[in-house]
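Just below is one structure, and these are the notes that go with it.
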């Protein structure tokens, strides 16, 4: 299923291998800014928080 980060005009433009990695390893956070149309969006896959920082970047406190 698509997320807010890979939804482009109603179609999924996500990367299947990236999605599988997230589902298998369940990292706390995954950051990807490849799809510029979705810059600044945040979503979740399972327990993993997905962030598209966009061209402006995002400050994360760890």
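The values are calculated or read from the model by the stated rules, or taken from the named source; none is laboratory data. The structure presented is a predicted model; accordingly, all values stated were derived computationally and were not measured. Positions of Cβ are backbone-derived with ideal geometry, glycine not excepted, and every protein chain shown enters the neighbour counts.
How many residues does segment 50-62 hold that are in contact (Cβ under 8 Å) with a residue 24 or more places away in the chain and surrounded by fewer than 15 Cβ atoms within 10 Å (Cβ to Cβ)?
2
Would you check which residues across segment 50-62 are at negative phi and at pLDDT below 85 and list them? Before you say what the answer is, go through the steps one by one.
Restricting attention to segment 50-62, the residues satisfying the condition of being at negative phi are 50-53, 55-56, 58-62.
The answer is 55, 56, 58, 59, 60, 61, 62.
Return the pair list, or none, for Cβ contacts closer than 9 Å from residues in segment 10-35 that are over 15 Å from residue 46 (Cβ atoms) to residues that are at pLDDT below 90 and exposed (fewer than 12 other Cβ atoms within 10 Å of the Cβ), at least 6 apart or on different chains.
Listed pairs, sorted by first residue: 12/1; 31/60; 33/55; 33/57.
Across segment 5-49, what is the number of residues that are surrounded by 11 or more Cβ atoms within 10 Å (Cβ to Cβ), in contact with a helix residue (DSSP H, G or I) (Cβ under 9 Å, 6 or more places away or on another chain) and modelled with pLDDT of 90 or more?
Here the count works out to 5.
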